[in-house]
1. Among Ile72, Ile6, Ile65, which is of a type in the set (Val, Ile, Thr) and within 12 Å of the chain's Cα centre (by Cα)?
2. Counting only residues that are charged (D, E, K, R) and within 17 Å of the chain's Cα centre (by Cα), which one in the range 85-106 is nearest to Leu63 (Cα to Cα)?
3. Could you check the range 114-143 and list, in sequence order, the residues that are surrounded by fewer than 12 Cβ atoms within 10 Å (Cβ to Cβ) and either closer than 28 Å to Asp73 by Cα or under 15 Å from the mean Cα position of the chain (by Cα) (or both)?
4. Based on what the data block shows, is Leu135 free of Cβ contacts under 8 Å to residues at least 24 places away in the same chain, of a type in the set (A, V, I, L, M, F, W, C) and within 17 Å of Arg12 (Cα to Cα)?
5. Assess whether Leu129 counts as being touching a Leu at 6+ places or on another chain (Cβ under 9 Å), assigned to a loop (DSSP other than H, G, I, E, B) and modelled with pLDDT under 95.
6. Filtering the range 94-113 down to residues that are closer than 29 Å to Glu31 by Cβ and out of contact with any helix residue (DSSP H, G or I) (no Cβ under 7 Å at 6 or more places or on another chain), which residue is surrounded by the most Cβ atoms within 10 Å (Cβ to Cβ)?
Amino acid sequence: MTRDQITELFARREADWRSRDAAALAADHAEAGVVVSPTGGVLEGREEIERVYRVWMKAFPDLVITVTDLLIDGDRVVQILDVVGTHAGEFLGLPPTGRRLQVVGAFIYTMKDNLIVHERRILDFTGVLVQVGVLKAKPAPGL
């Protein structure tokens with residue numbers, strides 16, 4: 001893929017996130033693609049990847065993914081992004097809390113034949129768990 005093709009693909013993916021189109025997002029992955037995620041584990045295959053997109057969209061129906069940086073180096077792509085939404089559906093076995101989620105993430109992709117063959121999602125997972133109420137935290141003294 002050329003740099004321009006990759007840029008266009010990821011611009012379209014941003015639009016697919018905005019329209020909550022899990023099928024379109026999953027279609028960008030190779031049929032035997034892999035996603036490694038702190039919330040979903042190791043996902044293998046387009047069907048399983050689509051399922052996890054749907055889990056996020058159902059748990060956070062107002063989810064907004066804002067890409068702040070897109071770094072491209074050959075067949076490798078990194079997105080730095082902000083994730084914001086309201087916990088309004090089941091997530092990680094937790095019923096809806098109505099709490100707001102706001103985390104920064106980095107998604108690292110490997111591309112082949114115009115598709116994502118591997119994706120690694122890095123999120124402040126502890127922050128996610130605290131914000132949706134799975135973990136309790138209090139500020140350290142003096143902060």
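1. Working: Ile72 fails: within 12 Å of the chain's Cα centre (by Cα); Ile6 fails: within 12 Å of the chain's Cα centre (by Cα).
Residue meeting the stated conditions: Ile65.
2. Only one residue tops the list, namely Arg100.
3. Within the range 114-143, Asn114 is the sole residue that qualifies.
4. The answer is no for Leu135.
5. On the way: touching a Leu at 6+ places or on another chain (Cβ under 9 Å): yes; assigned to a loop (DSSP other than H, G, I, E, B): no; modelled with pLDDT under 95: yes.
No; evaluated as a whole, the condition is false for this residue.
6. My answer is Tyr109.
The values are calculated or read from the model by the stated rules, or taken from the named source; none is laboratory data. What you are looking at is a predicted structure, and each value in this text was computed from that prediction instead of being measured. Cβ: placed from backbone, ideal geometry, glycine included. Neighbour counts: every protein chain shown.
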